[in-house]
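Structure first, then comments.
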Amino acid sequence: MKHAPKPRLWPLLTLLLAACGGSDLPAGMGPVGRAETPVAVAGVAPLLADDGSVLPSAPQAVPADGGAQTRAGRYATQAQARQLEQAMPEGLLRYALVGSDADAIAAARTQVGALLKDRGLPADAPVLIEGTALRASAALVDQLAEAGIHNTWLVTR
């Protein structure tokens, strides 16, 4: 007598079948590692909706330090940043700010713009900013928005 796979295995089986060409993926998903939009992964809220619009930031991602909050209020946890990177491996930019003074922030603003251009990404491509100095990273996110790079998140945890 054959037994059906346990329900918790269905998502894995769906992806495995799709990867080998044996099934169609659910709507909103592309080939593994190439989803058109991020798909929620076990307990990790996506940053973007299926239509590409920005979802509200998870409360645990919002910095407790008011000086480390951005004007746009877009924050991501490390898990959310990884999820977006996996969904859009060549469609976003992840940048780590080194330093915390005004010169470091100004140089980073220029570098982010140049990296977007060098990689052929539009100004509205998702940008993930992180750094050891959260206030400086938040300032960079705000300056990028002023420069027309609005689709930016501060990676906080």
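Of all residues in the stretch 116-131, which are surrounded by fewer than 16 Cβ atoms within 10 Å (Cβ to Cβ) and not in a loop (DSSP other than H, G, I, E, B)?
Restricting attention to the stretch 116-131, the residues satisfying the condition of being surrounded by fewer than 16 Cβ atoms within 10 Å (Cβ to Cβ) are 117-120, 122-124.
Within the stretch 116-131, LYS117, ASP118 meet the criteria.
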(message) Which condition from (1) free of Cβ contacts under 8 Å to residues at least 60 places away in the same chain; (2) open to solvent by less than 20 Å² (accessible area, probe 1.4 Å); (3) not basic (Lys, Arg) is the one that THR152 breaks?
(response) (1)
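Kindly evaluate LEU134 against the criterion of being surrounded by 12 or more Cβ atoms within 10 Å (Cβ to Cβ), touching a residue at least 60 places away in the same chain (Cβ under 8 Å), under 16 Å from ALA76 (Cα atoms) and aliphatic (A, V, I, L, M).
On the way: surrounded by 12 or more Cβ atoms within 10 Å (Cβ to Cβ): yes; touching a residue at least 60 places away in the same chain (Cβ under 8 Å): yes; under 16 Å from ALA76 (Cα atoms): yes; aliphatic (A, V, I, L, M): yes.
Yes; evaluated as a whole, the condition is true for this residue.
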(request) List the number of the failed condition for ALA81; all other conditions in (1) out of contact with any helix residue (DSSP H, G or I) (no Cβ under 7 Å at 6 or more places or on another chain); (2) assigned to a helix (DSSP H, G or I); (3) free of Cβ contacts under 8 Å to residues at least 60 places away in the same chain; (4) among the aliphatic types (A, V, I, L, M) hold. (result) (3)
(request) Give the residue that is least open to solvent (accessible area, probe 1.4 Å), with candidates limited to residues of the stretch 40-67 that are under 12 Å from TRP153 (Cα atoms) and not in a loop (DSSP other than H, G, I, E, B). (result) ALA61
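The values are calculated or read from the model by the stated rules, or taken from the named source; none is laboratory data. These numbers come from a predicted model, not from an experiment. Don't worry about glycine lacking a Cβ; one is built from the backbone with ideal geometry, like all the others, and counts go over all protein chains shown. When the accessible area is computed, the model is the full protein with side chains, heavy atoms only, and any ligands, DNA or RNA have been set aside. Shrake-Rupley method; radii C 1.70, N 1.55, O 1.52, S 1.80 Å.
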